[in-house]
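Encoded as structure tokens, here's the structure I'll be asking about.
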Amino acid sequence: MSNNRIGVLVMSYGTPESMEGIEAYYTHIRRGHAPTAEQLAELTARYEAVVGGVFPLRENTNRQVSGLQAALDALAPGRYACYQGLKHASPYIEDGVAKMAEDGIKRAVTIVLAPHYSTMSVGGYNKRAKDKADEVGIEMVSVESYHLHPKLIEALVDRVVSALAKFDRKQPIKALFSAHSLPVRIRESNDPYEKQLLETSSAIAQRAGVTDWEFTWQSAGRTREPWLGPDILETLQETADKEYKQVLSVPIGFVSDHLEVLYDLDIEAKTAAGGLGMKFERIEMLNTDPFYMQTLAESVEAKDPWR
Ligand SMILES: CC1=C(CCC(=O)O)c2cc3nc(cc4[nH]c(cc5[nH]c(cc1n2)c(C)c5CCC(=O)O)c(CCC(=O)O)c4C)C(CCC(=O)O)=C3C
Ligand SMILES: [Fe+2]
């Protein structure tokens, strides 16, 4: 069967299917090494605190893939066919590519549901997709990042402006932009991750009229090697030391409601801020925001070399 449509592999981190699936998921993240009982209990407790048996990232990714399909159909009717591939859960990245091959797809564009490029994050997704594509004979190109796409910035500026309305605007508000930390060793290879995150932060701050802001890291792994810092918990302490009473959390490295937002920010960071006498509010996540869907669609089309 031959298929003239361009396959679009939409990749995301993946989440367990159920509470019972947490161990297998964590083992996959750890490249086949099972977590210790203590590590597993700690991760399970974090999921229990937020999900109540429903893992929102799964449904959100499904909706984002359908939303992107609709946005692509509006741009170029009939040209693109979206497939899903997850980094650490089923359907895996390789499954998505295999499905394209089964459907007769010969050419594909990939995009990750994360705006910033790092060799350790998006680079890893793209490599797995390309390796599988080579194996099944699909020509493949990858969108690397879209962290300054005007519609992405506009969607985030809207969210910052709405969230600011929850504060007393006459008192100082510290905006804390954040993203998932990575091991410090990414700096050895001129990785663009940090620079891109700062570019997104300053573009949003400028357009939203936010002058009092900092960038900080969150969700660092619990490994022996050093991770990029300062962590948001340290930054909250410093912010309280400077006598701020209001903090706006702007997590720009994530595009969906999931554990790193619903637990690490909404529970852990918010509780820490409360203990330091500070009000803590977070911007809403993009999920299927129409401007985000258009950002993805336009980034795919711009990368499509067969137009
Ligand atoms: C850069 C980056 C993003 C953003 C870009 C992207 O989206 O790709 C991201 C997103 C996410 N990370 C997630 C979950 C987890 N990440 C872990 C561990 C790790 N993350 C890393 C990096 C990233 N992670 C790294 C270098 C590790 C260490 C292990 C390794 O070298 O790979 C662990 C293990 C335990 C722990 O350390 O907490 C968990 C449970 C979820 C899903 C949450 C849900 O299910 O709702 C999401 C969206
Ligand atoms: Fe992670």
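The values are calculated or read from the model by the stated rules, or taken from the named source; none is laboratory data. Note that this is a predicted model, so its numbers are computed, not measured. As a convention, Cβ positions derive from the backbone with ideal geometry for all residues, glycine included, and neighbour counts pool all protein chains shown.
Quick one: in the range 172-198, which of the residues that are within 16 Å of ligand 1 (Cβ to nearest atom) and part of a loop (DSSP other than H, G, I, E, B) is nearest to H149 (Cα to Cα)?
Top of the filtered list is P192.
Let me confirm something: among L182, L198, L164, which residue is modelled with pLDDT of 95 or more, buried (at least 19 other Cβ atoms within 10 Å of the Cβ) and in contact with a strand residue (DSSP E or B) (Cβ under 9 Å, 6 or more places away or on another chain)?
L182
Inside the range 201-224, can you point out the residues that are within 16 Å of ligand 2 (Cβ to nearest atom) and at pLDDT below 95?
G221, R222, T223
Within the range 6-27, restricting attention to residues that are within 28 Å of M100 (Cβ to Cβ) and within 9 Å of ligand 1 (Cβ to nearest atom), which residue is surrounded by the fewest Cβ atoms within 10 Å (Cβ to Cβ)?
Just the residues of the range 6-27 that are within 28 Å of M100 (Cβ to Cβ), to begin with: 6-18, 21, 24-25, 27.
This time we only want the ones that are within 9 Å of ligand 1 (Cβ to nearest atom), so: 11-16, 25.
Details: M11: 27, S12: 26, Y13: 22, G14: 23, T15: 23, P16: 23, Y25: 20.
Per the criteria, the residue is Y25.
Test P35 against the stated conditions and say whether it is assigned by TED's automatic domain parsing to the domain that holds V141, surrounded by fewer than 20 Cβ atoms within 10 Å (Cβ to Cβ) and under 18 Å from the mean Cα position of the chain (by Cα). Give the derivation first.
Working: assigned by TED's automatic domain parsing to the domain that holds V141: yes; surrounded by fewer than 20 Cβ atoms within 10 Å (Cβ to Cβ): yes; under 18 Å from the mean Cα position of the chain (by Cα): no.
The answer is no for P35.
Going by the structure shown, is E234 surrounded by fewer than 18 Cβ atoms within 10 Å (Cβ to Cβ) and either more than 15 Å from ligand 1 (Cβ to nearest atom) or modelled with pLDDT under 95 (or both)?
Working: surrounded by fewer than 18 Cβ atoms within 10 Å (Cβ to Cβ): yes; either more than 15 Å from ligand 1 (Cβ to nearest atom) or modelled with pLDDT under 95 (or both): yes.
When the stated conditions are applied, E234 passes them.
Can I ask one more? Which members of the range 83-104 meet the condition of being small (G, A, S), surrounded by fewer than 22 Cβ atoms within 10 Å (Cβ to Cβ) and in contact (Cβ under 8 Å) with a residue 60 or more places away in the chain?
A89, S90, G104
Pairs under 9 Å by beta carbon, first residue farther than 15 Å from G253 by Cβ in the range 187-202, partner modelled with pLDDT under 95, six or more apart or different chains?
none
Is there any pair linking a residue in the range 61-74 that is assigned by TED's automatic domain parsing to the domain that holds A114 and of a type in the set (D, E) to one that is surrounded by 15 or more Cβ atoms within 10 Å (Cβ to Cβ) and outside any helix (DSSP H, G or I), with Cβ under 8 Å and at least six apart or on different chains, and which?
Pairs that qualify, where the first residue is assigned by TED's automatic domain parsing to the domain that holds A114 and of a type in the set (D, E) and the partner is surrounded by 15 or more Cβ atoms within 10 Å (Cβ to Cβ) and outside any helix (DSSP H, G or I), are D73/Y80.
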